[in-house]
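Report on one structure; see the data block that follows.
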Amino acid sequence: METTGSLRNQQREFTRARFINAALEEFKEVGFENATIDMITRNAGANRSTFYLHFKDKVDLLLAAHEQLVPSGDAVFERINNMIEPDYVEFRRWIDFLAQLWVDNREVYGAIMYAQLTEPRYAKVAYDQKLGFLTPYLNRFKATEREDGASRAVMFLMQFERYFYTTICVSLNKPGPAVLDSLAKLGYYALFNRTA
């Protein structure tokens, strides 16, 4: 027999999920910056009062939706974490994989990047998450070198994210092989201190 509390919790989770799904649709359609709370609530079939029972603002909603916005970070960073003896050809394939992921999910990544560039709360969560996904990679470093390894990894990730955002999401182009070669060489050196 269901208790009133568990039914209330289920209803609450259902309502939150409706807002999150509605927001993701709006972010894909018009971008994070242009999606309004009114648009999200209308899409969810709810009202602003109900929205504010669940979320403080659009960024709070984005933080709740974060896990649904991108494919599992574990899958994205698995290749880096598994490269014990880094091979440039394998790393270059990873760059191709990332570029295709951005092309296939252009609208979603555009919303994520815009939020990272304009919303400090969201940027902090995204930064911490990347470091979390890279824990196996960072564990290779001696304790005294780990901070430097983390800084180099995050700086490289920020470089390619910003480039992909500008090229794929804003300009609607697909990066060519020469650019991907350059990104791969930068990343190979930044992450593994090796040249191609």
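Some points to look at:
- Residue within segment 100-123 that is free of Cβ contacts under 8 Å to residues at least 24 places away in the same chain, part of a helix (DSSP H, G or I), among the charged types (D, E, K, R) and under 25 Å from Thr195 (Cα atoms) present: no
- Single unsatisfied condition, Tyr188 versus (1) at pLDDT 90 or above; (2) out of contact with any Lys or Arg (no Cβ under 7 Å at 6 or more places or on another chain): (2)
- Matching residues in segment 94-118 - criterion: being at pLDDT 90 or above and charged (D, E, K, R): Asp96
- Count of residues meeting criterion [modelled with pLDDT of 85 or more and either more than 20 Å from Gly132 (Cβ to Cβ) or polar (S, T, N, Q) (or both)] in segment 60-80: 2
- Set side by side, the residues Arg162, Arg194 differ, and just one is surrounded by fewer than 17 Cβ atoms within 10 Å (Cβ to Cβ), within 14 Å of the chain's Cα centre (by Cα) and in contact (Cβ under 8 Å) with a residue 40 or more places away in the chain, which is Arg162.
- Residue within segment 81-91 that is modelled with pLDDT under 90, in a helix (DSSP H, G or I) and within 30 Å of Ser182 (Cβ to Cβ) present: yes
- Any hit, segment 150-157, residues being under 14 Å from the mean Cα position of the chain (by Cα), within 19 Å of Arg79 (Cα to Cα) and not in a loop (DSSP other than H, G, I, E, B): yes
- Qualifying position, being in contact with a Phe, Trp or Tyr (Cβ under 8 Å, 6 or more places away or on another chain), aromatic (Phe, Trp, Tyr) and modelled with pLDDT of 90 or more, among Phe164, Phe156, Phe133: Phe164
- Top-ranked residue in segment 30-41 [being touching a residue at least 12 places away in the same chain (Cβ under 8 Å) and either assigned by TED's automatic domain parsing to the domain that holds Tyr122 or in a helix (DSSP H, G or I) (or both); ranked as surrounded by the most Cβ atoms within 10 Å (Cβ to Cβ)]: Ile40
Residue-wise test of (1) in contact with a helix residue (DSSP H, G or I) (Cβ under 6 Å, 6 or more places away or on another chain); (2) of a type in the set (S, T, N, Q); (3) crowded, with 19+ Cβ neighbours inside 10 Å.
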| position | (1), (2), (3) |
| --- | --- |
| Val108 | yes, no, yes |
| Pro120 | no, no, no |
| Glu145 | no, no, no |
| Arg152 | yes, no, no |
| Pro175 | yes, no, yes |
| Ala184 | yes, no, yes |
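- Residues satisfying the stated conditions in segment 122-135, i.e. surrounded by 14 or more Cβ atoms within 10 Å (Cβ to Cβ) and farther than 14 Å from Leu157 by Cβ: Tyr122, Val125
- Number of positions in segment 158-196 that are aliphatic (A, V, I, L, M) and not in a helix (DSSP H, G or I): 2
The values are calculated or read from the model by the stated rules, or taken from the named source; none is laboratory data. Because the structure is a prediction, the values reported are computed rather than measured. With ideal geometry, Cβ positions are generated from the backbone for all residues, glycine too; neighbour counts draw on all protein chains shown.
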